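The values are calculated or read from the model by the stated rules, or taken from the named source; none is laboratory data. Just so we're clear, the structure is a prediction, and the values are computed from it rather than from any experiment. Don't worry about glycine lacking a Cβ; one is built from the backbone with ideal geometry, like all the others, and counts go over all protein chains shown. Side chains are part of the model used for accessible areas, which takes the heavy atoms of the whole protein and leaves out ligands, DNA and RNA. Shrake-Rupley method; radii C 1.70, N 1.55, O 1.52, S 1.80 Å.
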Amino acid sequence: MVTVQTARQQAEQATEASTARHAIQGVLRSEARILNITYDNVELGASDFGGIYHHRPSAMVYPATADDIARVMRAVSRIPNLTVAARGNGHSINGQAQALHGVVIDMRSLKDPSSGSIHIGKEADGSFYADVGAGRLWIEVLDATLRHPGLPLAPRTWPDYLHLSVGGTLQNAGVGGQTFRHGPQISNVSKLDVVTVNGELKSCSPTSNAELFYASLGGLGQFGIITKARVLLERAPQKVRWIRVVYTDFKEFTQDQERLICGGCRGGGFDYLEGFVVANSSDEAAGWPQVPLPEGTYFNHRLLPANAGPMLYCLEIAKYFNADDVFALDQCISALLRPLRFVDGLLFHVDVSYRDFLNRVHMGEPKLRSLGLWDAPHPWMCLFVPKSNILAFDAVVFKQSKLVSKGIGGPMLVYPMLRSKWDHRTCAVIPNDEVFYLVAFLRFNLPSPKGPPVEKLLQENEEIVRLAKAANINLKFYLPHFRRQAEWQDHFGSKWNQFRLLKSKWDPKAILSPGQSIFSPSNIFCC
């Protein structure tokens, strides 16, 4: 976080940094001819998309191969209290890929055929997969698989933003609008290559080194550095019908979402489903202009019923199709939409290419950059809320509190997924209800003084959590970040003892991913 340091604290940090830098230089000197290492230009390693934490490392390493990473791990593990973090494309939001006075490994530099390439293969049962370097971006994976000769392919499930690294999303879970159908990205991986803290390169799968395989998926980078993943593929469609409909009643909004994911996903249902909340206001900042899709259409708020409340709820759904499927497509979509209870007249749809649909968030990035919103701090907060608590969450946060009544300057996502689609052998933590919701507050605010201070926005996030817990809503965090181990223990719940034991086995000196603030060498073996 942004804090004010005393001169003494600054001097102490400078001494710590100098000591760490000399120790790293001494150990890695013998590797200097092989590794691309920098000790001065390390600002990249102290930055991320969140823009809230700025922990400056003492060295940045740019490996060409997985062997380079193994070499680094063997070397730095000899330095007491030194930490290491792997950095993909820098889209963490709370310093998760940073290592104060430690070493940051830039995974984007992995470009050799064994570790950085994208190779498409075929299993004995005829299914396809892609072996992908962990530093590659999902947009690069998409483009490579779509070019497969004669049969365009694609991973089955995606994050909303494709300019994230493969390894970065697999450390967390990787969720998006296809999760209700195929599960998160960590449920769609059949093999990993992982470098351990002692510099061993292990090939992992459900049948080989299974413990490390499942620990690494959703493991927040605590047990090893993923260098390659085998991602399951399916046949890619040519086009997508992208639909948005608007609700004024939250209960009907969520019931219709649940109807679609629990019944409509079998045999011809929608392929993508998300939802979001906007303030019922003509103020552009409130978010309602986000609803229309096709050019020439607009959101006619006069169609809203007179008793519409302070918030509106938009259901976003999509159906994949090929050029010769249009007639059947219209019939299928009409049948799926018929029982839904959205506001009559507030239905928008457009047909786009499959690639453009998946890359939709990035297509809006240039405008956000031009407005200064992309490089500003992003105090985002993502929660998992059980179905049994989602109506209460709407009541105490969206309706009764004034924290979000005028919008938050960015999307407020609300959409469901199914617990049964998650592989519970991984380290990811989700609610116990079969249906649970992602509720995300994705703020895009100008930096202070043009926008509110980031500390104020963080306090608002904390107030949202406080209101929810006061209403006995059982939250779990997605992309979690806590300051105390007791909070991590509460987050992991029944998984905590196993998580701690895995850490004591695979990283007993707490070298990896210090930015998560989960473990230190002194507390790994504590209860």
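A few notes on this one:
- For peptides 138-146, 449-457, sequence by mean Cβ density within 10 Å, most packed first: 138-146, 449-457
- About the Cα centre, charge dipole magnitude for the chain (Lys/Arg +1, Asp/Glu -1 at Cβ), debye: 820 debye
- In nm, spacing of pseudo-spin labels at Lys450 and Ala486 (7 Å Cα→C-beta vector): 4.2 nm
- Gyration tensor verdict on the stretch 292-365 (Cα atoms; rounded if a/c is under 1.5, prolate if a/b is larger than b/c, oblate otherwise): oblate
- Full-extension gain in nm, Asn41 to Ala124, via 0.36 nm per residue minus C-alpha separation: 25.1 nm
- Computed from the Cβ-Cβ distance with R0 of 56 Å, the FRET efficiency linking Arg341 to His22 stands at 0.25.
- Two-site FRET efficiency, Val361 against Asn322, from Cβ-Cβ distance with R₀ of 25 Å, rounded to 0.05: 0.55
- The residue among Thr145, Ser517, Tyr161 whose Cα reaches farthest toward the positive pole of the charge dipole of the chain, with charges on the beta-carbon of Lys, Arg, Asp and Glu, is Ser517.
- Considering only Tyr129, Ser18, Asn432, the residue lying farthest towards the positive end of the dipole of the chain is Ser18, judged by Cα position with unit charges set on Cβ.
- Summed side-chain charge close to Pro386 - residues other than Pro386 whose Cβ falls under 12 Å, Lys, Arg +1, Asp, Glu -1: +1
- Annotation for the stretch 112-188: trypsin sites (Lys or Arg not before Pro) lying in DSSP loop with at most 15 further Cβ atoms inside 10 Å of their Cβ are Arg147.
- Chain lengthening between Gln459 and Asp423 when straightened (0.36 nm per residue, less Cα-Cα): 9.6 nm
- Highest mean packing first, where packing is the average number of other Cβ atoms within 10 Å per residue, the peptides 55-64, 439-448 line up as 55-64, 439-448.
- Near Lys228, the amide H atoms lying under 5 Å from its own belong to Ala134, Asp193; only residues 5 or more places off or on other chains count, and H is placed 1.01 Å from N.
- Charged side chains reduced to their Cβ positions (Lys and Arg at +1, Asp and Glu at -1) give the stretch 136-237 a dipole of some 240 debye around its Cα centre.
- Apolar share of the accessible surface for the chain: 51 percent from carbon plus sulfur atoms, 1.4 Å probe.
- Rounded to 5, percent antiparallel among DSSP beta bridges of the chain: 90 percent
- Shape category assigned to the stretch 375-423 from the gyration tensor of Cα positions, a/c cut at 1.5: oblate
- Positive-end extreme of charge dipole, the stretch 447-520 - chosen from Asn461, Phe492, Phe477 (charges on Cβ): Phe492
- Kirkwood estimate for the stretch 331-411, i.e. one over the average of 1/r between Cα atoms, Å: 17.0 Å
- Over the stretch 21-147, all Cα pairs binned in 10 Å intervals from 0 give whole-percent P(r) values of 13, 38, 30, 14, 5, 0, listed from short to long.
- Estimated FRET transfer efficiency (Leu371, Ala64; beta-carbon r; R0 45 Å; 0.05): 0.75
- P(r) tail fraction, the stretch 160-281 - alpha-carbon pairs more than 19 Å apart, %: 58 percent
- Leu501-Arg302 pseudo-label distance in nm [points 7 Å out on the Cα-to-Cβ vector]: 6.7 nm
- If the chain linking Leu151 and His54 were pulled fully straight, counting 0.36 nm for each residue of separation and taking away their Cα-Cα distance, it would gain 30.4 nm.
- By the helix-only formula, in which each DSSP H run with n ≥ 4 contributes -39500 (n - 2.57) and the sum is divided by residues, the chain has a 222 nm mean residue ellipticity of -8000 deg cm²/dmol.
- Three-way shape label, the stretch 406-505, alpha-carbon gyration tensor, a/c 1.5: prolate
- In the context of the full set of protein chains, residues of the chain present 42 Å² of accessible surface per residue (probe radius 1.4 Å, heavy atoms only).
- Amide H within-cut-off set for Leu164, under 5 Å, with H built and near neighbours excluded: Trp138, Ile139
- Backbone phi angles across the stretch 355-371, fed through the Karplus curve with coefficients 6.51, -1.76 and 1.60 (θ = phi - 60°), yield HN-Hα couplings of 5, 5, 5, 5, 9, 4, 5, 5, 5, x, 5, x, 5, 4, 5, 5, 8 Hz in residue order; Gly and Pro are listed as x.
- Axis angle, to the nearest 10 degrees, between helix 7-28 and the longest C-alpha principal axis of the chain: 70 degrees.
- Put simply, the C-alpha atoms of the chain give a gyration tensor, and the ellipsoid matching it has half-axes of 39, 28, 21 Å, longest first.
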